[in-house]
1. Between residue 126 and residue 2, what length comes free when the chain is fully extended (0.36 nm per residue of separation minus the Cα-Cα distance, one decimal in nm)?
2. Based on the mean of other Cβ atoms within 10 Å per residue, sort peptides 85-96, 264-275 so the most packed one is first.
3. May I ask you to sort 208, 246, 236, 159 by Cβ crowding, counting other Cβ atoms within 10 Å and putting the fewest first?
4. Alpha carbon centre of the stretch 51-87 versus the stretch 225-239: separation in Å?
5. Between residue 258 and residue 303, with labels modelled 7 Å along Cα→Cβ, what's the label distance in nm to one decimal, could you check?
6. Neighbouring Cβ atoms within 10 Å as the yardstick, rank 276, 78 fewest first.
Amino acid sequence: MARLGLIRNPYSQRNKGVGGDRAAQAAALLGFYFAEPASPQELQETLADFARGGVDILCVDGGDGTVRDVLTALPAAYGDTPPRLAILAAGKTNLIAADVGTTGHGARGLERLLNTVRDGSLGRHAVRRPVLSLHWPDGEHRDVRGMFMGAGAFTRGTDLANAAIHKAGFTQEIAVALTMAGVLGRALVGNDRHGWLAGEDFGAAIDDGTMDDGNRFLFLATTLNRLIMGLWPFWDHGDRPLRYLDVAARPPGLLFALPRLMKGRPGAAMRAGDAYRSGGAERIGLRLTRPLIMDGETYPAGHVILSAHDSITFVQP
């Protein structure tokens, strides 16, 4: 029978205020293989203990940020043989769970998960996804592993959403979408007081290509197969692990391009120019002058290399 370990983030959106009873239940059921690490160091030590104990299915009770932290810490603990992951979607962002599946959340989700472990059915439904890795060659920041990153307008939208719209109780995904829609709506009618359409200075190099420098409005990259609400702003990526979207500053016809952009269905005019570019890659180099966002967290600018050289298996009941 599979051995299950659980990493729970008590500060995730759906876990706030319900810690005591649920944590006690999980601890009673899992014993040593339940933890609520309070720091990256504690998480690393916990995962090393799980690896020594033979934990081969790791449940992550949290959102995208918690999954990102676990993915980042796994190689040091498990080497080249990572456990399979199961997700209890409890965060304010759950893009990863929306793609790979979830056992639910809370006590009911945990009970369902444990039942499938006992009857041996957990793992019958499994998907494998490449892991998006960020590497800073200057060594000023440790490598980070996740599933979705954005820069340019995405970083600005996330910052504004965190400052304002989250207070209204929206999830991260909805908050960022509403913020970007509002700012873009005003910009497209001539009220671009935030200066978004002018973009920001950074460069991008796809695979072995040379660095293409210039002002960019938006850059996105993911290893997921789908996003939320039917959004998929990527095309021509085939089966390559990194899917990217690269939109130049002041992109022509943005008002009319947006519906096609959001669905990954570029029109002839979009394909004819260089303002809207999308595709697949094995490796992407970025030269950033402003921070980027990786699975909800802000990381520093600089020279950053994106790659997807390994994969992880996600399971659900």
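1. Taking 0.36 nm per residue and subtracting the Cα distance, the gain is 43.2 nm.
2. On the way: 85-96: 26.4, 264-275: 13.6.
Going by the mean number of other Cβ atoms within 10 Å, highest first, we get 85-96, 264-275.
3. Fewest-to-most ranking of 208, 246, 236, 159: 208, 236, 159, 246.
4. 25 Å
5. 3.8 nm
6. Lowest to highest Cβ neighbour count: 78, 276.
Bear in mind that the values in this text are calculations on the coordinates, not laboratory data. Computed from a predicted model, the values in this text were never measured in an experiment. Neighbour counts run over all protein chains shown; Cβ positions are idealised from the backbone, glycine included.
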